[in-house]
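Single-structure report; data block below.
The values are calculated or read from the model by the stated rules, or taken from the named source; none is laboratory data. The shown structure was predicted, so the numbers you read here are calculated from the model rather than taken from an experiment. Note: ideal-geometry Cβ built from the backbone for every residue, glycine included; neighbour counts use all protein chains shown.
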Amino acid sequence: MSGVFLDIQGIDKRFGDLVVLRQINMQVKDGEFLGIVGRSGCGKSTLLRLVAGLETPSAGRLLIDHQQLTGINTAARIMFQDARLLPWKRVEENVDPGQFNTGEDVNQILESVGLLARKKDWPHILSGGQKQRVALARALVSNPKLLLLDEPLGALDALTRIEMQHLIVKLWQERSFTGLLVTHDVEEAVMLCDRVVVIDRGQISLEIGVNVPRPRLRGSTEIGKLCQVVLDHVLSSTAI
Amino acid sequence: MTSPSIPIRFPKKQQVSFKIENWLPWLVPTLLLLIWQFSVQWGLVSARFLPSPLDVVQASWKLTLSGELPQNVWVSLGRALKAFAVGGGIGFALGLLNGSLRMGEWLLDSSLQMLRNIPNLALIPLVILWFGIGDEAKLVLMSLGVFFPMYINTFYGIRSVDPGLVEMGRVYGLKPWQIFRHILLPGALPSILVGVRFALGIMWLTLIVAETIAADSGIGFMATNAREFMRTDVVMLSVLLYALFGKLADLITKWLEWFLLPWHPNQWKGRST
């Protein structure tokens with residue numbers, strides 16, 4: 001199992017007259033976990049949707065393992081802010097909506113997110129955190145080479161969020177996919193990622209490596225300092 | 001937070017075998033029946049004008065023995081089912097088509113919305129001119145009545161499915177027919193069943209009208225025929241039969257909902273997995 005090398009070359013994205021992204025150049029190494037931070041409306045979610053193949057760039061190229069991306073990115077799985085589970089399918093069917101995997105794979109991934117006992121349940125009786133764990137299982141069951149996380153923990157309470165962060169890091173270390181996390185939570189990005197990029201008004205305005213060995217401690221001075229640097233930068237950027 | 005030393009007492013539910021909410025709905029109908037029976041029996045109302053409930057029961061028994069009642073019920077039910085299959089089937093199919101494909105909507109939806117506003121009963125003279133007073137005429141009228149609620153609720157059911165779920169399906173590699181089968185269709189199902197409910201209501205209404213105006217068999221015919229001979233008991237029986245079938249249709253749709261929507265949160269009162 002491994003990830004992909006993601007190469008973004010001079011990408012622009014416009015919706016009509018509105019310029020959302022301008023000249024984005026970025027490379028993500030195979031197996032790297034990259035965090036993308038910015039104010040809401042800065043274009044970070046659009047960048048993720050471009051990588052997923054849900055939008056097409058207005059200019060520039062997007063290479064996955066040196067192959068130009070056209071259409072839906074089949075190497076990628078995306079986790080949305082809302083779990084987007086199908087209410088009419090039980091947990092185990094939600095994990096594999098296209099029925100591409102074996103029952104064994106489904107059981108195994110449910111086991112790793114700690115929901116094997118709930119596999120026969122309907123989604124509406126699960127808590128918000130459990131729903132997102134099902135969504136994480138769904139994203140990872142087919143062993144994707146690229147995991148895209150679009151503020152997947154934004155709607156969860158603080159404790160559940162910390163648990164989910166640990167879970168994501170654990171599964172990333174086991175499976176070594178390439179990860180892309182979009183978030184407005186600076187601490188989350190610093191805790192999870194190898195490198196953090198700040199986007200301001202559609203452009204990359206800061207890039208900073210997080211060279212802190214894992215497991216990382218939330219209260220440690222290194223983490224605290226990095227968070228402060230990134231946060232100061234985000235706050236100094238212009239609000240839209 | 002409660003300290004552990006304080007025992008928490010949950011109020012125990014009283015074990016009552018006689019539950020008032022189960023019996024109360026029957027009180028008013030039973031009282032009405034009794035008042036009806038005794039006011040006829042004691043001569044407060046003329047039996048010619050309003051037959052007593054017992055008279056109605058007797059009439060239904062006689063007609064059952066003579067074979068007239070089962071025959072007419074059978075004919076009416078057959079018409080209802082045929083019309084529901086034809087009108088409902090076409091409405092469902094077109095609803096799915098126009099709901100899933102923009103091209104279908106552009107081509108057909110505005111025309112259908114225009115026709116929808118014509119009450120199907122307004123077409124009776126035209127339908128009689130075209131098809132006579134045979135079964136075809138009734139089938140056309142009833143199918144038209146059933147078609148629109150099925151079409152509209154299927155169409156809007158498909159359209160109201162959360163686009164986020166469809167997007168999820170695309171990202172997760174589902175083929176278009178899989179998106180239809182696993183996301184659009186089940187998402188539209190609650191609305192489709194609302195359509196079934198409406199369609200059944202309109203179906204009975206149209207059936208009654210069609211059978212009363214022009215027919216030589218069926219429950220409606222039985223009532224019209226009985227009127228000619230001043231058989232109020234048979235007329236009453238026909239009315240009660242329609243009420244019974246209406247209730248039966250309602251029960252069937254409730255059962256369908258229970259069976260087809262086990263995941264729906266509304267159904268989660270008193271249901272285990």
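Show the residue pairs meeting these rules: Cβ distance below 6 Å; 6+ apart or different chains; first residue within segment B:239-262 and in a helix (DSSP H, G or I); second residue among the aromatic types (Phe, Trp, Tyr).
The qualifying pairs are B:GLY246/B:TRP204.
Taking the condition of being in contact with an Asp or Glu (Cβ under 8 Å, 6 or more places away or on another chain), within 11 Å of chain B (Cβ to nearest Cβ) and more than 12 Å from A:SER142 (Cα to Cα), how many residues in segment A:92-127 meet it?
1
In segment A:143-166, how many are touching a helix residue (DSSP H, G or I) at 6+ places or on another chain (Cβ under 8 Å) and either touching a residue at least 40 places away in the same chain (Cβ under 8 Å) or outside any helix (DSSP H, G or I) (or both)? Walk me through how you get there before you give the answer.
Going residue by residue through segment A:143-166, those that are touching a helix residue (DSSP H, G or I) at 6+ places or on another chain (Cβ under 8 Å) are A:143, A:146-153, A:155-157, A:160-161, A:163-165.
Narrowing the set further to residues that are either touching a residue at least 40 places away in the same chain (Cβ under 8 Å) or outside any helix (DSSP H, G or I) (or both) leaves A:143, A:146-153, A:155-157.
The total comes to 12.
For segment B:21-37, give me the residue count where each residue is surrounded by fewer than 13 Cβ atoms within 10 Å (Cβ to Cβ) and either basic (Lys, Arg) or over 28 Å from the mean Cα position of the chain (by Cα) (or both).
The number of residues fulfilling the criteria is 2.
Counting only residues that are in contact with a Ser or Thr (Cβ under 9 Å, 6 or more places away or on another chain) and not hydroxyl-bearing (Ser, Thr, Tyr), how many does segment A:110-129 have?
In the first step, residues of segment A:110-129 are kept if they are in contact with a Ser or Thr (Cβ under 9 Å, 6 or more places away or on another chain); the result is A:120-122, A:127-129.
Among the residues that remain, those that are also not hydroxyl-bearing (Ser, Thr, Tyr) are: A:120-122, A:128-129.
Counting residues in segment A:110-129 that are in contact with a Ser or Thr (Cβ under 9 Å, 6 or more places away or on another chain) and not hydroxyl-bearing (Ser, Thr, Tyr) gives 5.
For segment A:110-121, give me each residue that is surrounded by fewer than 20 Cβ atoms within 10 Å (Cβ to Cβ) and part of a loop (DSSP other than H, G, I, E, B). Can you show your working first?
Restricting attention to segment A:110-121, the residues satisfying the condition of being surrounded by fewer than 20 Cβ atoms within 10 Å (Cβ to Cβ) are A:111-112, A:114, A:116-121.
The answer is A:GLY114, A:LYS119, A:LYS120, A:ASP121.
Rundown of residues vs (1) touching a residue at least 60 places away in the same chain (Cβ under 8 Å); (2) within 13 Å of another protein chain (Cβ to nearest Cβ); (3) over 22 Å from A:LEU206 (Cβ atoms); (4) crowded, with 21+ Cβ neighbours inside 10 Å, yes/no style:
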residue: A:LEU21; (1), (2), (3), (4): yes, no, no, yes
residue: A:LYS29; (1), (2), (3), (4): yes, no, no, no
residue: A:PHE33; (1), (2), (3), (4): yes, no, no, yes
residue: A:SER40; (1), (2), (3), (4): yes, no, no, no
residue: A:LEU48; (1), (2), (3), (4): yes, yes, no, yes
residue: A:ASP65; (1), (2), (3), (4): yes, no, yes, no
residue: A:GLN81; (1), (2), (3), (4): yes, yes, yes, no
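Name the one entry in A:THR56, A:THR74, A:THR70 that is surrounded by 14 or more Cβ atoms within 10 Å (Cβ to Cβ) and either away from every other protein chain (no Cβ under 13 Å) or out of contact with any Leu (no Cβ under 9 Å at 6 or more places or on another chain) (or both).
Details: A:THR56 fails: surrounded by 14 or more Cβ atoms within 10 Å (Cβ to Cβ); A:THR70 fails: surrounded by 14 or more Cβ atoms within 10 Å (Cβ to Cβ).
Only one candidate passes the filter, namely A:THR74.
May I ask you to list the residues in segment A:168-223 that are of a type in the set (Val, Ile, Thr) and in a strand (DSSP E or B)? Can you show your working first?
Here is the first cut: in segment A:168-223, the residues of a type in the set (Val, Ile, Thr) are A:168-169, A:178, A:182-183, A:186, A:190, A:196-199, A:204, A:208, A:210, A:212, A:221, A:223.
Scanning segment A:168-223 gives A:THR178, A:VAL182, A:THR183, A:VAL196, A:VAL197, A:VAL198, A:ILE199, A:ILE204, A:ILE208.
Residue-wise test of (1) modelled with pLDDT of 85 or more; (2) of a type in the set (Phe, Trp, Tyr); (3) touching a His at 6+ places or on another chain (Cβ under 6 Å).
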site	(1), (2), (3)
B:SER3	no, no, no
B:LYS19	no, no, no
B:PHE49	no, yes, no
B:SER52	yes, no, no
